[in-house]
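The structure appears below as structure tokens.
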Amino acid sequence: MRSLVAGTGSYAPAKVLTNAELEKMVDTSDAWIQERTGIKERRIAAPEQATSDLALEAARRALDMAGLAAADVEAIVVGTVTPDHMFPSTAALVQGKLGNKKAFAFDVSAACAGSLYALTVADRFVASGAVKNALVIGADALSRITNYQDRNTCILFGDGAGAMVLKPTDDPRRGLSTIRIHTDGSLAHILLQPGGGSRDPITPEMAASGRQYVTMNGREVYKVAVRSLEDSCREVLAAEGLGTGDVKYVIAHQANKRILDATLERLEIPASKCWMNLEKYGNTSAASVPMTLDEANRAGWFQPGDVILMMAIGGGMAWGAAVLRW
Ligand SMILES: CC(C)(COP(=O)(O)OP(=O)(O)OC[C@H]1O[C@@H](n2cnc3c(N)ncnc32)[C@H](O)[C@@H]1OP(=O)(O)O)[C@@H](O)C(=O)NCCC(=O)NCCS
């Protein structure tokens, strides 16, 4: 048995933060941001919105599409690095807000690869028959841990949520056929939130220092991203005896247009096969892959059996790829 994506949903908060507005906050320019990243604007959660609120909206839309009542969900896995609280999990909060009592619920932490990691875990429960369905969510409010005085990072990130409902299928032409995830913890230092955890707990001194904000070595991340994404895409395609020419569509973490262009070029996959929305949303971390999947799905891109190549990378470093047969 495999898991099939029976419904998708996404949510982006209403407030738009444009490159022109960032020009007033840090020493940057719209032209620089667009040329280096492809991003024009991003969304920012309202002060009263936390990650579980974004996740809930996306979840409701996905459940609606799948025709699954919230009360009948059996597992909820949320990929996030900006949980409402350190505990309980954001997944537990989503379960509570859905009014569901049946599902077990937990978060996974893999930064921008969070939804692919969450999908990997949830897929195992569904494909093994342990549960009849699962709700997989990627949701992040990275604006809450972004320093809007740091031009290296604040131009990149936005807030959002995406969700997928998994159900089992016996149809060999459909479903999630291969998914592989990888980690290299020796690279933890190139993209991280240094403060606020047990290493550097919250104190007035820590908060004043700004160590609670994301720090990044952009050049290193860029290099690792292109190499790792290419490798893992080749790995999942090879596992199924497919070539890159067999790929109908690409759903990729929207980190940066240059990273995606370089990766697709190496794979010899035309950029037109890859749904892009980073110009509108920037890098929404774990939300990115399911938001992108939902947009492409609602635009009518997919037909049953289409080979969709999925890929993501994030802090950890953590990355992975999947072949999803729609
Ligand atoms: C962040 C990134 C766009 C920067 O582009 P880059 O070409 O590597 O730029 P560099 O970091 O080499 O910086 C080049 C110059 O631009 C400057 N710069 C950095 N951010 C800037 C900004 N927002 N506006 C204007 N100039 C900026 C740098 O200070 C540097 O100036 P210097 O040469 O005087 O020191 C790029 O490294 C990248 O995309 N990295 C991956 C980031 C990512 O996707 N992270 C999330 C992964 S999940």
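The values are calculated or read from the model by the stated rules, or taken from the named source; none is laboratory data. These numbers were taken from a predicted model, which means no experiment stands behind them. Every residue, glycine as well, gets a Cβ built from its backbone with ideal geometry; the counts of neighbours run over all protein chains shown. With ligands, DNA and RNA removed, areas are computed over all heavy atoms of the protein, side chains included. Shrake-Rupley method; radii C 1.70, N 1.55, O 1.52, S 1.80 Å.
Checked against (1) in contact with a strand residue (DSSP E or B) (Cβ under 8 Å, 6 or more places away or on another chain); (2) of a type in the set (A, V, I, L, M); (3) free of Cβ contacts under 8 Å to residues at least 24 places away in the same chain, ALA238 passes all but a single condition, namely (1). Residues of segment 195-213 that are more than 16 Å from the ligand (Cβ to nearest atom) and of a type in the set (Ser, Thr, Tyr): SER198, THR203, SER209.
None of GLY300, GLY282, GLY314, GLY305 is surrounded by 20 or more Cβ atoms within 10 Å (Cβ to Cβ), at positive phi and small (Gly, Ala, Ser) except GLY282.
One residue alone among THR153, THR203 is surrounded by fewer than 16 Cβ atoms within 10 Å (Cβ to Cβ) and under 30 Å from PRO47 (Cα atoms), and that residue is THR203.
A quick yes/no check of all residues on (1) within 21 Å of GLN193 (Cβ to Cβ); (2) charged (D, E, K, R):
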| site | (1), (2) |
| --- | --- |
| VAL77 | no, no |
| LEU98 | no, no |
| SER115 | yes, no |
| ALA127 | no, no |
| ALA139 | yes, no |
| ASP150 | yes, yes |
| GLY160 | yes, no |
| LEU166 | no, no |
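Selection of segment 122-179 for residues being in contact with a strand residue (DSSP E or B) (Cβ under 7 Å, 6 or more places away or on another chain) and of a type in the set (Ser, Thr, Tyr) yields SER143, THR146, THR153, THR169, SER177, THR178.
For segment 206-235, the set of residues classified as over 30 Å from ILE269 (Cα atoms), in contact (Cβ under 8 Å) with a residue 60 or more places away in the chain and open to solvent by 50 Å² or more (accessible area, probe 1.4 Å) consists of TYR213, THR215, listed by residue number.
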